[in-house]
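Read the figures in this text as sums done on the coordinates, not as results from a lab. On a predicted model such as this, the values are computed, not experimentally measured, just so you know. Heads up, the Cβs are rebuilt from the backbone with ideal geometry, glycines too, and the neighbour counts pull from every protein chain shown.
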Amino acid sequence: MFNIAVGSFIAECNPNSPAVGWPHFLSLGYLEGDAVLEELAAEFSTLPPELKGFFEAARSNFDSPRFHPLVCANGSATGPIDHACFQDIVHRMVTGVAGSGHLDGIYLALHGAAKTTQDEDPEGHLLQAIRNSVGPSVPILATLDLHANVTELMVRASSALIGYRTNPHVDMYDRGQDAAALLRKMRSGRSTVSVFHKIPMIAPSPTHLTAVDPMSSIWRRATEKSQPGRTNISMFTGYTHGDSPKSGMSTLITGDSDIADEIIKLGRDTAADLWHARGEFKLQLMEMHEAVERAMEAGEDPSRPAIAFADTNDNPGGGGRGNSIWALEAFVKAGVRHAVLGALCNPAVAREAHRVGEGACFHATYNADEPEPTSGKFSHDVRVLRVHDGHCIGRRGMFAGTALALGPSCLLEVAGIQVAVISKRLQTADPVFFEMLGVDLAKARSMVIKSRGHFRAGFDEFFSASQIFDIDVPGLTMRRLERIKFKKISRPMYPLDRDFEWKPEDGEVISFFPAPAQTA
Ligand SMILES: [Zn+2]
């Protein structure tokens, strides 16, 4: 019998978004006990794909595995978490671990860029609380988002951390499987070494895409220098909007301890490679008036390629409100034709559409009660084309195979423009957001999508990279770093500060599992 505890705590916290507590987790995704195991066994799960990847790999590779479900709390991208709520989650996790009896390993799906109203390193403190509970010899493994702001405490309290390698994130399931493989290696008596570098640099998240440079080349160079099967490379571009002492990019390489010198050199080389590329993370944004001109041209001339605009500054996936009206207002006023926009998060508009019904017209008012000024307010006459309960299965990209609950949803029409409206704040990373409402995306001449970059993996059937532009309108996930009022980020930090040097030996963390004292 091989006893493994599994759980998750996922939250990426934007300090400019409203603080959230238990109601947020309960409405978005909270499970514990046997409900976690039932969900893991379901064909389409609401749980993070990495958890399912770990579960399925462990189930087929371990001898008689027995899973002990801990808390699964999914807060997605949001505001800071109420500290008492977080403490409650930690308490439930630790109680679950203590109640599981003898454990051979613990796996957690984490994000790595959470903050609470009082704590800048919740994941570090969660891992430390579990470590204190089980002692130093039980392997604790966690997967992290590529946008994690990793801390030394997270590294020291865990046995290994494994980051997503792709942006858009489409490899979460595979990374969960990697965690299972690494746990198996640790339990077979092999010791590992991890080398962690925190690099004092941030970059606008649209520049973090892994299929294009600079990240594409940095990944290729690191991979070429590593031994497959003996090395796990993680590179974290970090969550720029987190504005925290833990903000910044980082690298974490874990490998077999008998090649420790090689692993440490790979860590230093990779961290130095990122640092030397710091001037290559260049942001390209399109002004709204140019986007309108291009959408007008595409709408009037079918021979032109269709185009997509990422409303990157109001990305729910980065803690944005997902409800800003700037592109909608500009398109409606200019009379853009054959355009599709969305999905706007606006429960009041969706509710009214459901009340009047399909085919009926009403005067839609967006953000009537919204206090956030960057959301804007707008109203216009619309016709309801479709209403839907918002339950769907992700079809393509990061949400593929995931059961989604977008809340009461609708498709509205105004003078040649279709607007998709949902009631849960989730980034539009999958065509299903529109397709569930009957939209034929192949006929759209232009689109405005409430996502920063993850939609690229979902909408690649309709738009190649050359057909996609990031637009620059107000929002809580504004990309121009010079406009963000950072308060807590450590300094110096490139590019906020430019006149300083950094080398990998600065603050390097090297840790072994098991710790050398245990093997002596
Ligand atoms: Zn991410």
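Which is farthest toward the positive dipole end of the chain among PHE62, ALA400, PHE309, measuring Cα position about the Cα centre, with Cβ charges +1 (Lys, Arg) and -1 (Asp, Glu)?
The residue sitting farthest along the positive end of the dipole is PHE62.
Amide H neighbours of GLN418 under 5 Å, counting only residues 5+ apart in sequence or on other chains, H built in-plane at 1.01 Å?
Distant-sequence amide H within range of GLN418: ALA339, VAL340, LEU341.
Return one quarter of the surface area of the convex hull spanned by the alpha-carbon atoms of segment 308-413, equal to its mean projected area, in nm².
Numbers: hull surface 28.7 nm².
Computed as one quarter of the Cα hull surface, the answer is 7.2 nm².
Classify segment 413-482: rounded, prolate or oblate, from the alpha-carbon gyration tensor (a ≥ b ≥ c, eigenvalue square roots; a/c under 1.5 rounded; otherwise prolate if a/b is larger than b/c)?
prolate
Label segment 99-252 by shape, choosing from rounded, prolate and oblate, from the square roots a ≥ b ≥ c of the eigenvalues of the Cα gyration tensor; if a/c is under 1.5 it is rounded, and otherwise prolate applies when a/b is larger than b/c, oblate when it is not.
Values: a/c = 2.06, a/b = 1.24, b/c = 1.66.
Oblate is the answer for segment 99-252, as a/c is 1.5 or above yet b/c matches or exceeds a/b.
Cα centroids of segment 155-221 and segment 340-385: how far apart, whole angstrom?
Between the Cα centre of segment 155-221 and that of segment 340-385, the gap is 40 Å.
Which length gain, in nm to one decimal place, applies between ALA360 and SER60 when the Cα-Cα distance is subtracted from 0.36 nm times their residue separation?
Result for the pair: 102.7 nm of gain on full extension.
Just to check I understand the Karplus step: with θ = phi - 60° and J = 6.51 cos²θ - 1.76 cosθ + 1.60, what whole-Hz values come out for segment 337-353, glycine and proline as x?
My calculation for segment 337-353 gives 10, 6, 10, 10, 10, x, 8, 6, 8, 8, x, 5, 5, 4, 4, 5, 4 Hz in order.
Grab the DSSP H runs of the chain that are 4 residues or longer, score each as -39,500 (n - 2.57), total them, divide by all residues and round the 222 nm result to the nearest 500 deg cm²/dmol.
After summing the helix terms and dividing by residue count, I get -8500 deg cm²/dmol.
Between the DSSP loop rule and a limit of at most 12 other Cβ atoms within 10 Å, which GluC sites (Glu not before Pro) in segment 415-520 are left?
Qualifying residues, ordered by number: GLU461, GLU501, GLU505.
Check CYS345: other-chain or 5+ apart residues with amide H under 5 Å from its amide H, H built from backbone geometry?
So CYS345 has HN proximity to ASN323, ILE422.
Give, as a single signed number, the net charge of other residues whose beta carbon lies under 10 Å from the beta carbon of ARG165, with Lys and Arg counted +1 and Asp and Glu -1.
-2
When the Debye formula is applied to the Cα atoms of segment 265-315, each taken as the same point scatterer, what base-10 log of I(q)/I(0) results at q = 0.16, 0.27 Å⁻¹?
Values returned for q = 0.16, 0.27 Å⁻¹ are -0.66, -1.02.
So, R0 is 35 Å and r is the distance between the beta-carbons of HIS83 and MET1; what FRET efficiency does that work out to, to 0.05?
Calculated transfer efficiency: 0.40.
Evaluate the Kirkwood expression for the hydrodynamic radius of the chain, namely the inverse of the mean inverse distance over all pairs of different C-alpha atoms, and round to one decimal in Å.
Result for the chain stands at 23.5 Å.
Scan segment 10-44 for GluC sites (Glu not before Pro) in coil per DSSP, keeping those whose Cβ has at most 12 other Cβ atoms within 10 Å, and list them by number.
Here the GluC sites (Glu not before Pro) that fit, given the DSSP loop and packing criteria, are GLU43.
Calculate the dipole size of the chain relative to its Cα centre from +1 charges on Lys and Arg beta carbons and -1 charges on Asp and Glu beta carbons; express the result in debye to the nearest 20.
220
Pairs of lysines 8 or more apart, or on different chains, with alpha carbons under 21 Å: count those in segment 286-479, would you?
5
Once label points are set 7 Å from the Cα along Cα→Cβ at both LYS443 and ARG92, what is their separation, rounded to one decimal in nm?
4.5
Given the Cα-Cα distance of GLU505 and ALA272 and 0.36 nm per residue of separation, how much length would full extension add, in nm?
Extra length from GLU505 to ALA272 when fully extended: 82.9 nm.
For the chain, what proportion of DSSP beta bridges, expressed in % and rounded to the nearest 5, is antiparallel?
That works out to approximately 45 percent antiparallel.
Please list 3J(HN,Hα) in residue order for segment 317-324, calculated via the Karplus relation 6.51 cos²θ - 1.76 cosθ + 1.60 where θ = phi - 60°; whole Hz, with x for glycine and proline.
Values per residue, Gly and Pro as x: x, x, x, x, 6, x, 10, 5 Hz.
Can you work out the FRET efficiency for the pair SER466 and GLU38, with r the C-beta to C-beta distance and R0 = 41 Å, to the nearest 0.05?
Rounded to the nearest 0.05, the efficiency is 0.40.
For segment 374-424, list log₁₀ I(q)/I(0) at each q in 0.14, 0.15, 0.31 Å⁻¹, using the Debye formula over Cα point scatterers of equal strength and ignoring solvent, two decimals each.
-0.48, -0.54, -1.10
Run through segment 250-316 and list the trypsin sites (Lys or Arg not before Pro) located in a DSSP loop whose Cβ has at most 11 other Cβ atoms within 10 Å.
LYS282
In Å, the Kirkwood hydrodynamic radius of segment 286-479 over pairs of distinct alpha carbons?
Over segment 286-479, the inverse of the mean reciprocal pair distance is 16.1 Å.
Go through segment 131-142 residue by residue and turn each phi into a ³J(HN,Hα) via Karplus (6.51, -1.76, 1.60, θ = phi - 60°); whole Hz please, and just put x for glycine and proline.
Going residue by residue, I get 4, 4, 6, 9, x, x, 8, 7, x, 10, 10, 9 Hz, with x marking Gly and Pro.
List the lysines whose Cα lies under 23 Å from the Cα of LYS198, skipping any in the same chain that are fewer than 8 positions away.
Result set, ordered by chain and number: LYS115, LYS225, LYS246, LYS265, LYS282, LYS485, LYS487, LYS488, LYS503.
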